[in-house]
Amino acid sequence: MSAPQEVYTLADLQDWGAATSGLELPARISVFGDPVKHSRSPQMHNPALLEGGQQCQYIRLHIEPDQLPQALQLLKEQNFIGTNVTIPHKGGVHDAVDELTEVARLTQAVNTVLVDGDRLIGHNTDAPGLERAIREEFSVDLSDLRVMVLGAGGGAGRAACVQAAVKRCQRLVLVNRTFEKADSLRQELAPIFADSDKLLGPVDRLVAIPHEVEALERELKHTDIIINATSLGMKVGDPALIPAHLIQPSHLIYDMVYAPPQTRLMRDAVQAGARAANGLSMLLWQGAYAYEFWFNEPAPVEAMRRGLEESLAS
Ligand code: NAP
């Protein structure tokens, strides 16, 4: 019996029996990405599959954008249970599957696919995963918070905004470097807020602003939680997302970045006396909800958590 390869390719998927012939358990769940070598999903999911008694394992598939249609077709032919989807395929898979869950339709992105006979069903577990992570980190529900999302024009930012809106958060401030993207999402989400009878005093419940200091300063006075969904924070030299002096002790900071475990934004928050958490809990809960989507049973979350923590420590 042999260990799975670090990464498989489309060519392997075309002859899956031969490519995986030495494995103890059949490889029937994957993560598609380009690149994908860095993905920690196998280290998180394989302990859960073992603990849950599922007779299969989870592997990485390096799929390039022009290979996506063929790869999705092969999932069905090779008897896969499903796949996760990471950069850059979340939009492409959204457009290619046979059916979408409501949250995938709203977020316009798919990070989890279930193979259901001859059909592919696309779901997005990033959005509910974020909500659950915030509850776990801060013991508070998104629906009770005035939320600011930095990076509201990107994929993860859109997922955060949609989840906050459908959960009828108290207030939502969409911040994006390219203002037009945040404003367009604001217009899309406006009917959800118009539908609500919540009152919030003098400020608007749904606002889009450019990622500029003056606008941030104004809106931060009416914000409980700041969610970083920009791609900044991973590198040491990244600029500050918010000037440190604008962070108040009452703010909660959720940074979707988890490597490094403490970003500049989180450090500034802690120095201001605020509470801050990184994106590891979101990674965990999006994975747990994906497991539940595939198997229709509760995920062994603690096994997943241990797997993730061990992979980050090594
Ligand atoms: P994306 O679609 O490329 O979006 C990037 C966002 O960052 C855009 O809104 C972009 O603004 C903004 N941005 C980029 N450079 C900026 C700068 N210099 N100043 C201000 N804003 C800037 O990326 P994504 O897929 O949404 O991912 C975003 C982050 O979330 C990544 O760090 C990713 O690893 C993380 N993430 C974490 C999890 C988790 O489970 N923890 C899940 C999903 C994503 P413009 O629109 O102006 O370009």
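The values are calculated or read from the model by the stated rules, or taken from the named source; none is laboratory data. What you are looking at is a predicted structure, and each value in this text was computed from that prediction instead of being measured. All Cβ positions, glycine included, derive from the backbone under ideal geometry; neighbour counts span all protein chains shown. All accessible areas refer to the heavy atoms of the entire protein, side chains included, with ligands and DNA or RNA removed. Shrake-Rupley method; radii C 1.70, N 1.55, O 1.52, S 1.80 Å.
Points worth noting:
- Put simply, of V140, V175 the only residue that is out of contact with any helix residue (DSSP H, G or I) (no Cβ under 6 Å at 6 or more places or on another chain), open to solvent by 10 Å² or more (accessible area, probe 1.4 Å) and under 21 Å from K221 (Cβ atoms) is V140.
- Total residues in region 1-16, condition open to solvent by 40 Å² or more (accessible area, probe 1.4 Å) and either over 21 Å from Q70 (Cα atoms) or out of contact with any strand residue (DSSP E or B) (no Cβ under 6 Å at 6 or more places or on another chain) (or both): 9
- From the list Q163, Q170, the lone residue that is assigned by TED's automatic domain parsing to the domain that holds Q187, touching an Asp or Glu at 6+ places or on another chain (Cβ under 9 Å) and open to solvent by 30 Å² or more (accessible area, probe 1.4 Å) is Q170.
- Scope region 65-104; condition at pLDDT below 95 and away from the ligand (no atom under 16 Å from the Cβ); matching residues: E102
- Scanning region 143-160 for residues that are within 12 Å of the ligand (Cβ to nearest atom) and surrounded by fewer than 24 Cβ atoms within 10 Å (Cβ to Cβ) gives G154, G155.
- Condition broken by V173, with the remaining ones in (1) out of contact with any strand residue (DSSP E or B) (no Cβ under 7 Å at 6 or more places or on another chain); (2) without any contact (Cβ under 8 Å) to a residue 60 or more places away in the chain satisfied: (1)
- If only residues of region 280-304 that are part of a helix (DSSP H, G or I) and open to solvent by 60 Å² or more (accessible area, probe 1.4 Å) are counted, the one that is farthest from S139 (Cα to Cα) is E292.
- Hits in region 254-275 (condition: within 14 Å of the ligand (Cβ to nearest atom), without any contact (Cβ under 8 Å) to a residue 40 or more places away in the chain and hydrophobic (A, V, I, L, M, F, W, C)): V257, L265, M266
- The single condition among (1) at pLDDT 95 or above; (2) surrounded by fewer than 20 Cβ atoms within 10 Å (Cβ to Cβ) that A259 does not meet is (1).
- Of the residues examined, A240 is not one that is within 12 Å of the ligand (Cβ to nearest atom), surrounded by fewer than 20 Cβ atoms within 10 Å (Cβ to Cβ) and more than 21 Å from A215 (Cβ to Cβ).
- Among residues of region 63-78 that are on the phi < 0 side of the Ramachandran plot, those with a Cβ under 7 angstrom from a residue that is among the polar types (S, T, N, Q) and open to solvent by 10 Å² or more (accessible area, probe 1.4 Å), sequence gap 6+ or separate chain, pair up as L74/Q14.
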